[in-house]
Structure formats: C-alpha cells, structure tokens
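Below is one structure, written out as structure tokens; the observations come after it.
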Amino acid sequence: MLEIKNPTPGLPKWLAFVLIFGLFLTLRGYHSRDGDQAYRLPLLLHRQDTGLFADDPFVRAFDAFNPHRGYLTLLDLASRPLGLSTGLAALFALTFALTCLGLDRLARAVWPEAGPHVGIVAVVLVLIAKAGNVGTNHLFEAMLLDRLIGFALGWLALAAAVENPARGWRTAAPLLGLAMLIHPSVGLQLAMLLGAGWVGWALCSTKTAVSRGVALRGLAALGLAVGPGLLMNLGQGSKLFAGLSTEDFRLLSVELQGPQHMLPHLWRTPQWLAWSCYIVLALLAFLQSRPAEGRNGTSTAAPAARIRLAILLGLNLLGLAVAWVAVEWVQDLRATLFQPFRMATVFRGLALVAVSGRLVELWSRGTWAERARATLLTVGLAGDWAFVVATLVEVACTALERTTIRPAIRLALAGTVLGLGLYWLTRHDTESGHLPMLAAIASLTVLTFAFRGRSLSWNRRRLVWALAGSWAVPLLALGATGEALRGRAWATSLVDRCRFAAVPVDDIERLAVWCRDHTPRSARFIGPPGPKTFRLWSLRSLAFNRAGSPYHAEGLADWSARFRDHVGFDGPDSTFVRAYLTDRHGLERRYQAMSDAERARLATRQGASHIVAAAPSGRATMANDDGPLELIHVEGRYAVYRVRPSSATDQVTLRDSAP
C-alpha cells in the first residue's frame with residue numbers, strides 16, 4: 001500500500017507552505033488590478049496624488065464616507081517605498097502567510113493526535129474550497145482585498161484563543177482590533193464571534209478549561225481593542241443615511257448595489273446545499289473522532305480546544321440564524337448593510353479545520369477505500385454539487401461502518417451511492433464536477449498500485465523538482481512581463497495568469513493605457529457600464545461605472561441617476577431595480593445601442609469630454625467631420641472618441657433652452 005510519510009521531518013513547515021503558495025499561484029493565479037481592486041485602488045492613487053481623479057464622482061464620493069481608510073493606509077505604507085505592484089504582491093504574500101499560520105495553529109490545537117501535518121491539510125482544504133460560498137465571499141482569493149486581510153488576522157486571533165485561552169486573549173484582541181481598522185465590518189463580526197465564544201466557554205468551563213476570570217479578561221481586551229475602529233467609523237454614521245428615505249436607501253443599496261452579498265433568498269439552491277454540507281461534515285468529524293490515549297493506554301476526553309472550536313461553530317451558526325431572521329423576515333436595513341453572512345465564510349473555514357482531522361484519520365487507516373473517501377471530500381470542495389455528492393458518500397460510508405455488514409458489501413454499497421451521485425452530476429452539474437472526482441479516484445488507484453509496499457519521503461532532488469513545478473508558472477509570468485508589453489500572445493497569457501506587474505492584457509485595459517498617455521489629465525470619460533478596469537488603468541476620471549458605487553445616501557442617489565442616464569432608462573427607482581434584476585446585461589447593452597448623437601448628449605450631461613464605446617464596424621474612417629464624435633483611437637473591440645466642441649456647445653444650448 002502506498003505510504004506517504006509525515007512531511008515535516010524532511011520538509012520544514014515553512015517550506016511546505018512555500019510549495020503550497022506556488023501551487024496556488026499556478027492553479028488559481030494572481031489577479032492584481034482586477035475585480036474589486038479595480039475600483040478601490042483609484043481611492044489610494046487619489047490619496048497619494050490629489051490631482052488624479054480630481055473630477056471623478058465615484059472617487060470624490062469617498063470624501064464624505066469611506067470605510068476603507070485603514071486598508072488604504074496600509075496600502076499606502078507598502079506602496080510608497082516598494083511601488084504599487086510590489087507592495088500589493090508583498091502584502092498578498094504576507095496575507096497568505098498569516099492565513100497559513102492561523103489555520104495551522106488552529107488545526108494542530110484541535111487535533112493534537114493527528115500530528116503536525118494536520119495544519120497543512122487544513123490550509124489546503126481552505127485554499128481549495130469554492131463550494132457553498134453563500135454571501136459570495138471566498139475563503140481565500142487570488143488578489144489582495146481588505147476582507148482577505150481581515151480574515152487572515154481573524155484566523156490568527158481565533159487560533160490564539162482556542163489554542164491557549166489563558167494567554168491567547170492577550171494576542172487575539174489586538175489582532176481583531178487591527179482587523180477592524182482594515183475592514184470594519186469583518187473585524188467587528190469576528191470580535192462579536194470571539195466575544196460570544198468567551199461567554200460560551202465560561203459557561204462550559206469544566207469542558208473548555210476557561211474560567212470566568214479568563215473570559216472576562218478576554219471580553220475586556222476585545223472591548224478595548226475594537227474601540228479605536230468603532231470611533232473612527234461611527235463618526236461617519238450620520239452621513240450614511242442622510243439624503244434618502246429608508247425605503248429608497250434599501251432599494252438602491254441592498255437591491256441594486258449589492259444584492260448578491262446581502263440577500264439570502266437570491267443565493268442558488270446548490271450554494272445552500274453545499275454550505276449545509278459543512279455542518280454535516282463538522283458534526284461527523286467531532287462525533288467520529290477517536291479519543292486520545294493516555295499514558296497507560298486508557299482513553300482520555302477530547303482536547304478542550306476541540307470543545308472550544310465546537311462551541312464557536314455552534315455560536316456562529318446561531319448568529320447566522322439570527323441574521324437570516326433580521327435580514328429576510330424583519331428586513332432590518334442596518335442588519336442587512338452589516339452583511340452578517342460574511343460569517344458564513346468564517347463558518348466554512350472553522351468547519352474545514354474540524355474536517356481536516358477527520359481526513360487525516362481516514363488517510364492514516366491506509367486502505368484504498370478510506371483514502372478514496374478523503375480524496376473525494378477534498379476534490380469535491382471545488383464545486384457545489386460535487387461537494388454535495390462527496391458528502392452524501394461520506395455519510396453513507398459512516399453509516400455503513402456502524403453496521404455488521406461484511407466489508408466487501410459495504411464497499412459495494414458505498415460504490416453504488418458514488419455511482420449514482422456521479423451519474424446525477426453528469427446530468428445536472430453545469431461545472432462537470434464528476435470529471436475531477438473520477439480523475440482523482442483514478443489517480444489514487446494508479447498510485448496505490450504503482451507504489452504498493454513503498455513509501456514516499458522528501459529528499460533534495462524531489463524537493464527541487466517540487467519547487468520547480470509549483471513555481472514554474474508564476475516565475476515564467478514574472479519573466480514574461482517585457483514580452484507581454486510587446487504584444488506576444490504567449491507572454492500575455494502568462495501575465496494574465498499571474499499579474500505581478502502593471503501590464504494590460506485585454507482591449508479595455510490597452511485602450512485605457514493609450515488614453516492615459518494621449519489625453520489630458522483633466523479629461524473625463526463616459527463608457528460602458530460593465531467593465532471595471534478603465535478608471536484604474538487610464539488614471540482618468542470616469543463619470544460612471546456600475547461596479548464602482550459609493551455607500552452613503554447622497555453618493556448612491558447620484559450613482560443611481562448616472563446609471564439610469566447611461567442606459568437611457570426613464571422611470572422610478574423601483575422600476576429600474578426590477579429591470580436590473582430581471583436582465584442586467586440587457587439593460588447595460590442599451591448604452592451601446594445609443595446613436596453617436598445620443599452618446600454625445602450623454603457626455604455633455606455627465607460633463608465628459610471623451611467617450612469609450614464599441615469600435616466602429618465596416619469601413620468607418622478616422623476622419624468623420626460630420627458627426628458629433630471624433631474617433632481618435634481603436635483598440636480591438638473598443639474605441640475612444642472625442643466629443644466635438646461644436647456638438648457639446650449645441651447640446652448645452654438645447655439643454656438650457658428646454659422647457
């Protein structure tokens with residue numbers, strides 16, 4: 001039977017995490033200057049140079065209400081000496097390291113009998129996990145975000161408290177205070193969870209080994225630690241709702257701006273089922289864990305840290321149930337804006353820490369069947385329906401273990417459950433989850449027979465090959481930066497995978513870079529509502545972008561009005577929100593369906609001098625003296641136009657003379 005030895009004697013843990021980091025970059029990539037970063041980094045750049053985005057409605061809206069000040073301060077401290085790209089990459093690597101350290105400590109404290117490598121298993125599970133992301137926040141993402149830093153500090157804080165409460169309260173509180181400065185709501189939610197944990201642990205002190213005195217010190221330290229973050233952000237509270245009624249604010253902020261993060265009824269059934277699987281697997285892990293053996297061979301009680309983790313999970317689940325009632329039944333606006341279902345992500349991470357011990361125990365049994373169960377659960381984490389099937393197989397196997405049926409029959413019955421699940425995936429799973437599960441089982445089978453009776457351990461040659469394989473793609477991407485700037489397709493593909501430098505990789509980014517180099521700094525643009533990256537890459541003001549939206553009432557009202565103007569929608573907010581939720585892409589296509597004259601009028605109303613739109617079709621030439629727009633550059637599917645001064649003057653006159 002294939003035996004993989006404990007990796008820690010021949011491979012230091014820090015080096016194991018270096019290997020895992022390289023594999024993560026290879027498989028998931030590093031997507032700097034994209035996604036959420038594309039509309040948060042302009043806030044940093046404006047802070048460093050107030051002349052940038054001086055006329056940008058989105059950026060300037062954060063002068064009034066800005067919950068990202070701590071995050072921006074951290075980015076500023078890192079980017080000024082290192083440069084923006086290097087600073088972001090360094091902070092991303094540090095966030096990864098803190099995440100690994102926290103999860104490793106937590107898993108080892110909860111599963112001391114599983115050995116030191118249980119922490120590595122927990123880290124791998126968290127990095128793989130995509131299933132069940134209710135609230136649409138991943139456990140770990142391929143770019144540096146403020147919530148990712150908050151989660152990393154949270155894992156460290158929870159690990160310190162769970163591992164050794166008598167001393168951990170001194171470390172946990174300042175870590176969560178720092179998390180709150182960087183991401184106020186994540187930090188506060190984690191502090192509330194740990195605060196409830198101190199209370200729960202003290203009430204069960206005989207099992208958790210947490211006295212009331214320790215719990216009171218932990219609560220007092222938490223209160224002092226989160227105080228600065230509360231004071232910094234509560235001072236902005238008066239600006240949040242001023243200018244809109246409660247109904248209008250809810251309509252724009254909750255239903256139009258970010259319903260995918262706030263409203264549970266919008267999340268898909270597979271997401272909910274997969275998230276429920278974490279509850280099932282955590283329960284199985286706790287119930288099936290074998291008691292540790294004492295010195296004389298007698299069984300001892302479960303470690304107190306394991307009880308503390310179980311109580312944290314229960315309190316987290318209770319808090320989410322209360323949040324669901326507040327958001328869906330009561331429809332409390334403040335509770336909804338707090339986005340409490342971010343804690344569903346924390347629940348998934350804590351549950352995977354519980355599952356890690358179970359997987360190590362299954363693997364250590366040494367049989368193909370048990371290792372197949374561990375493999376299926378690990379691979380299943382990559383997709384919702386696949387994770388549901390893997391969980392059903394594990395539940396069936398656990399139930400069959402309780403029976404007196406012969407092992408061969410148990411294996412056949414478990415195989416039947418797996419076969420039915422895979423068949424169902426082939427018919428219903430849009431992510432084709434059956435393919436990686438079949439590939440994983442086939443690989444395990446081949447390796448089991450190929451290395452029967454042999455063991456695998458680390459040596460220098462294997463370590464060199466492992467490092468080279470895991471880091472090949474990111475290092476090649478780093479070296480291909482210059483070639484990507486020259487337009488080489490292979491280099492651009494690598495850089496797009498791991499973007500360590502500011503290299504444009506698509507048409508909208510290349511067009512934005514051209515605009516940065518060939519338009520005045522004071523230029524203001526309008527463009528399609530959807531693409532996120534033009535503002536950041538062009539370093540020019542953009543009148544509107546759907547993804548770039550402020551948080552406070554006055555800014556939201558202006559953003560909503562600009563949104564309706566960009567898609568030519570005439571009607572009340574309620575009708576607009578229904579149209580958006582029904583067919584967002586169809587609504588946004590109305591911008592491109594406008595004529596040149598209509599876009600020129602839109603630019604005039606928005607105070608813009610330049611327009612980004614689809615490239616002209618047919619044999620349109622650069623010189624078209626008759627139209628209201630002057631085509632000045634084409635980049636693939638997109639083009640930039642200048643509004644002719646005569647057209648702008650005419651439109652202002654028409655607007656001023658309108659009844």
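Read the figures in this text as sums done on the coordinates, not as results from a lab. These numbers come from a predicted model, not from an experiment. Ideal geometry is used to build each Cβ from the backbone, glycine not excepted, and the neighbour counts take in all protein chains shown.
Table for the structure above
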quantity	calculated
Summed residue charge, Cβ within 14 Å of residue 400's Cβ, Lys/Arg positive, Asp/Glu negative	+1
Pairwise FRET efficiency - residue 242 versus residue 48, Cβ, R0 = 25 Å, nearest 0.05	0.30
Nearby aspartates and glutamates by direct alpha-carbon distance to residue 239 (threshold 13 angstrom, same-chain neighbours under 8 apart not counted)	63, 554
Ordering of 167-178, 196-207 by packing [mean C-beta count within 10 Å, highest first]	167-178, 196-207
Degrees, to the nearest 10: 573-582 long Cα axis against longest axis of the chain	60
Among the listed pairs 130/207; 130/532; 13/532, those beyond 30 Å (Cα-Cα)	130/207; 13/532
Environment charge at residue 152 (Cβ cut-off 12 Å; Lys +1, Arg +1, Asp -1, Glu -1)	-1
Helix 384-401 axis, angle to the chain major axis (alpha carbon atoms, nearest 10°)	10
The range 409-533: C-alpha gyration tensor shape, a/c 1.5 cut-off, then a/b vs b/c	oblate
When the range 31-184 is reduced to its Cα atoms, the Kirkwood hydrodynamic radius in Å	16.9
Under 11 Å, Cβ to Cβ, from residue 201 - net charge with Lys/Arg +1 and Asp/Glu -1	+3
Computed lengthening from residue 614 to residue 420, 0.36 nm per intervening residue step minus Cα-Cα distance	65.1 nm
The range 383-464: C-alpha gyration tensor shape, a/c 1.5 cut-off, then a/b vs b/c	oblate
Global form of the chain, assessed from the alpha-carbon gyration tensor, a/c cut-off 1.5	prolate
Alpha-carbon gyration tensor eigenvalues x 5, square-rooted, for the range 507-657, Å	24, 18, 16
Sequence ranges 179-191, 226-238, ranked by mean other-Cβ count within 10 angstrom, highest first	179-191, 226-238
